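Trainee: Take a look at this one; I'll ask things after.
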Amino acid sequence: TRESNSYVLSMLVRGLLQDLLQRQGRLLAIVDDVRPDWLESAQLLLRTLPEGVPALVTTRDESLATELVTEVYPLDALSEAEALTLLKSYVNYGLLKAEPTATRGLLQALGYLPLAIQLAGKHLSTYGRKPGYRLETLRREVEDRAVDALDRPGHPGLAATFAVSYD
């Protein structure tokens, strides 16, 4: 039955996460862009998390956040200045200053969304230190991936940044 399959699957996920938690330390679960059709699955996933694993849930529907019994922080897209400040908190400012057009283009491709900027910032904090690395490379990658992500739900820049970070 569907219930027993869900239970078995949730126990497998819990076991995998528990093992990962023990091997690698702290975890953060991100459940992105929850929609009404996915509410039941999101609730199951959140119940499946091992104790002590926090979750960040994003949704465009505040009533869903309430049903998920979460603390709600309404977030709009950042202004360009706020987005740049957030990116600077992760990246050597010299890299951003050297390519101002690419920096503005990257922030625009990311939709000025905090999570996308954080992911890009962490990516740049690792790869931006390599000799010859250009910010323009990441901007182009995000823009190219965003086109591929247009048929998926959510902001294409965020989906693209997840893909680039994952790769």
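The values are calculated or read from the model by the stated rules, or taken from the named source; none is laboratory data. Quick caveat, the model's predicted, so the values are computed rather than measured. Because the Cβ atoms are built from the backbone with ideal geometry, glycine has one as well, and the counts that use them run over all protein chains shown. Areas reflect the complete protein model, heavy atoms only, side chains present, ligands, DNA and RNA absent. Shrake-Rupley method; radii C 1.70, N 1.55, O 1.52, S 1.80 Å.
Trainee: Please give the residues of region 31-59, grouped as numeric ranges, whose backbone N is less than 16 Å from a label point set 7 Å along the Cα-to-Cβ vector of ASP19.
Mentor: Answer for this model: 50.
Trainee: Identify, among TYR7, THR59, LEU107, the residue whose Cα sits farthest towards the positive end of the charge dipole of the chain, taking +1 on the Cβ of Lys and Arg and -1 on the Cβ of Asp and Glu, with the dipole about the Cα centre.
Mentor: Working it through, the farthest residue towards the positive pole turns out to be LEU107.
Trainee: For region 102-116, what does the Karplus curve 6.51 cos²θ - 1.76 cosθ + 1.60, with θ = phi - 60°, yield as ³J(HN,Hα) per residue in whole Hz, taken in order and with x for Gly and Pro?
Mentor: So the Karplus estimates, Gly and Pro as x, are 5, 4, 4, x, 5, 4, 5, 4, 7, x, 6, 8, x, 5, 5 Hz.
Trainee: Ignoring ligands, DNA and RNA, what percent of the 1.4 Å accessible area of region 1-67 is carbon and sulfur?
Mentor: Numbers: 2680 of 4950 Å².
Ligands and nucleic acids excluded, carbon and sulfur reach 54 percent.
Trainee: Using only DSSP helix segments of four residues or longer, with each worth -39500 (n - 2.57), what per-residue ellipticity at 222 nm results for the chain after dividing by its residue count and rounding to 500?
Mentor: -19000 deg cm²/dmol
Trainee: Another question, then. Go through ARG140, ARG60 and list them by solvent-accessible area, largest first, probe radius 1.4 Å. Mind showing how you got there, number by number?
Mentor: Working: ARG140 110, ARG60 170 Å².
Ranked from most to least accessible, the order is ARG60, ARG140.
Trainee: In whole Å, what is the distance between the alpha-carbon centres of region 20-45 and region 78-92?
Mentor: After rounding, the separation between the Cα centres reads 27 Å.
Trainee: Between 0 and 90 degrees, rounded to the nearest ten: what's the tilt of helix 2-24 against the longest Cα principal axis of the chain?
Mentor: In the chain, helix 2-24 runs at an angle near 50 degrees to the longest axis.
Trainee: State in Å² the accessible area per residue of region 1-134; use a 1.4 Å probe, count heavy atoms of protein chains only, and round to the nearest integer. Working shown, then result.
Mentor: Details: 8980 Å² over 134 residues.
Counting only protein heavy atoms, the per-residue value for region 1-134 is 67 Å².
Trainee: Sticking with this one: In the neighborhood of ARG14, defined by Cβ-to-Cβ distances under 13 Å, what is the net charge if each Lys or Arg adds +1 and each Asp or Glu adds -1? Write down the numbers at each step before the final one.
Mentor: On the way: positive: ARG47; negative: ASP19, GLU51.
Net charge in that neighbourhood comes out at -1.
Trainee: When a/c is below 1.5 the answer is rounded, else prolate if a/b is larger than b/c, else oblate, so apply that to the chain with a ≥ b ≥ c taken from the square roots of the Cα gyration tensor eigenvalues.
Mentor: prolate
Trainee: In debye, nearest 20: dipole of the chain around its Cα centre with unit charges on the Cβ of K, R (+) and D, E (-)? Intermediate results must be reported in sequence, preceding the final value.
Mentor: Values: 18 positive and 22 negative charges, 166 e Å.
About 800 debye.
Trainee: For GLU67, what charge total do you get from the other residues with a beta carbon under 11 Å from its beta carbon, if Lys and Arg give +1 and Asp and Glu give -1?
Mentor: Values: positive: none; negative: GLU40, ASP61, GLU62.
Once all neighbours under 11 Å are counted, the net charge is -3.
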